[in-house]
Amino acid sequence: MIAIGADHGGYRLKTEILNYLKQKGYQVKDFGTYTETSVDYPDYALIVGNAVSKGECEKGILICGTGLGMSIAANKIPGIRAALCNDCYTARMSREHNNANILVLGERVIGTGLALEIVDIWLKSEFVGGRHALRVEKISKIEKNYME
Ligand code: RB5
């Protein structure tokens with residue numbers, strides 16, 4: 001199950017991605033927002049981040065105007081590795097090297113065609129592990145140290 005969420009700045013792209021993923025047969029849970037009325041992006045980063053962090057959803061996608069607010073907020077949640085990707089290479093590497101569990105996109109930064117290609121690549125790419133697993137573990141350790 002993929003969790004998806006956006007603020008008003010990402011609402012239109014969320015709708016496009018939602019339709020695209022459903023067409024491709026993915027199971028998607030839409031956490032809103034459901035209109036173009038102004039809302040606060042941290043609320044959506046929190047609800048999608050929690051769904052992924054608690055294992056209710058395997059991966060997440062967050063969209064706001066730039067992708068910045070969503071990535072900053074989502075990365076505060078323990079266990080979340082949210083990657084803001086504006087290109088296909090970064091999207092692939094965020095999975096292969098960083099084991100990103102949330103993809104973040106900026107609706108006001110990239111076009112729909114590129115966004116859908118990024119989503120596709122990100123969902124198909126796998127974490128390669130090995131030396132990268134040690135580095136991701138070090139990130140978790142930093143997180144744990146601050147939680148104690
Ligand atoms: C909303 O205007 C905008 O600030 C938001 O979508 C996002 O870009 C924040 O980082």
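In the condition set (1) open to solvent by 20 Å² or more (accessible area, probe 1.4 Å); (2) among the aliphatic types (A, V, I, L, M); (3) within 16 Å of the ligand (Cβ to nearest atom), L114 is compliant with all but (3).
Rundown of residues vs (1) open to solvent by 40 Å² or more (accessible area, probe 1.4 Å); (2) more than 14 Å from the ligand (Cβ to nearest atom), yes/no style:
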position: G9; (1), (2): no, no
position: K29; (1), (2): yes, yes
position: K59; (1), (2): no, yes
position: M70; (1), (2): no, no
position: A74; (1), (2): no, no
position: M93; (1), (2): no, yes
position: A100; (1), (2): no, yes
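The values are calculated or read from the model by the stated rules, or taken from the named source; none is laboratory data. This structure is a prediction, so every number in the text was calculated from the model and none was measured. Cβ atoms come from the backbone with ideal geometry, glycine included; neighbour counts cover every protein chain shown. With ligands, DNA and RNA removed, areas are computed over all heavy atoms of the protein, side chains included. Shrake-Rupley method; radii C 1.70, N 1.55, O 1.52, S 1.80 Å.
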